[in-house]
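Let me begin by presenting the structure, written as structure tokens, before commenting on it.
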């Protein structure tokens, strides 16, 4: 039998027991590919990352798993793995994922990743998405569109009137990942307050979703709700895991030219799996 060590982190929080949980296997070379999904299911964290040698021009290749499936790309595993691999120092890393090679920078403990440029499409009608989230149609903000956005993973962005509607939302027959958000925030310095459901990924609710907050930032810029220089997303508060995600959007409402998502991370522990 062989032992494979992993580190535990909380990502998008500067305090332990906030943010989004992550396991990072620093040396995934000895882990059989057939065992990776089983390990992620056993740990039962939102995501588990296996760090492998690069396949192309990057520094490392990341394979990312939820308890139910492998992902082509995810935000908090990329930020968390970058923070961990930097070993407490400032660093610039090129991390390969199935969507391509992404640059991650670590400066004074703050980790920021670039994301693929987003694309958008019209979302489902209000009656359908309201029913799937246990909301009334009147809970949804009629001044903003429901859209599907993706920088690698698709999310339905659902604008609602206030935090009470965010708290009220609960999946009921939801078949897609949905990010419910409002411009009402808990902190004056925040831009939006949100919540993300994606039960099909093996995680009923996610406390901090970097792959959603990038396209969300672009959505806000496209619809004239933010200038893109500094967008702060509150998430995870309804789960007791408060998280802050910082988004930078290059370009303007007519054309998005760059996308970055960052935040803090903290080490919480570690362990090993025996195979």
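The values are calculated or read from the model by the stated rules, or taken from the named source; none is laboratory data. All values derive from a computational prediction rather than experimental measurement. Glycine also receives a Cβ, built like all others from the backbone with ideal geometry; neighbour counts cover every protein chain displayed.
Residues 81, 68, 35: which one is within 21 Å of residue 198 (Cβ to Cβ), outside any strand (DSSP E or B) and at pLDDT 95 or above?
81
Say we look at the stretch 97-115 and pick out the residues that are at pLDDT 95 or above and under 15 Å from the mean Cα position of the chain (by Cα); which of these is nearest to residue 151 (Cα to Cα)?
It comes out as 115.
May I ask you to list the residues in the stretch 243-257 that are free of Cβ contacts under 8 Å to residues at least 12 places away in the same chain and in a loop (DSSP other than H, G, I, E, B)?
254 - this is the single residue of the stretch 243-257 that is free of Cβ contacts under 8 Å to residues at least 12 places away in the same chain and in a loop (DSSP other than H, G, I, E, B).
Looking at the stretch 84-94, which of the residues that are out of contact with any helix residue (DSSP H, G or I) (no Cβ under 6 Å at 6 or more places or on another chain) and assigned to a strand (DSSP E or B) is farthest from residue 178 (Cα to Cα)?
91
When you go through (1) assigned to a strand (DSSP E or B); (2) without any contact (Cβ under 8 Å) to a residue 60 or more places away in the chain; (3) surrounded by 16 or more Cβ atoms within 10 Å (Cβ to Cβ) one by one for residue 113, which number turns out not to apply?
All conditions pass for residue 113, except number (2).
Go through the residues of the stretch 150-157 one by one and say whether even a single one is without any contact (Cβ under 8 Å) to a residue 40 or more places away in the chain and assigned to a loop (DSSP other than H, G, I, E, B).
no
For the stretch 7-17, indicate whether the set of residues that are in a loop (DSSP other than H, G, I, E, B), out of contact with any helix residue (DSSP H, G or I) (no Cβ under 8 Å at 6 or more places or on another chain) and more than 22 Å from residue 270 (Cα to Cα) is non-empty.
No, every residue in the stretch 7-17 fails to be in a loop (DSSP other than H, G, I, E, B), out of contact with any helix residue (DSSP H, G or I) (no Cβ under 8 Å at 6 or more places or on another chain) and more than 22 Å from residue 270 (Cα to Cα).
For the stretch 29-80, how many residues meet the condition of being under 16 Å from residue 100 (Cα atoms) and under 13 Å from the mean Cα position of the chain (by Cα)?
9
Tell me, yes or no, whether the stretch 261-272 has at least one residue that is farther than 23 Å from residue 43 by Cβ, touching a strand residue (DSSP E or B) at 6+ places or on another chain (Cβ under 9 Å) and not in a helix (DSSP H, G or I).
Looking through the stretch 261-272, at least one residue is farther than 23 Å from residue 43 by Cβ, touching a strand residue (DSSP E or B) at 6+ places or on another chain (Cβ under 9 Å) and not in a helix (DSSP H, G or I).
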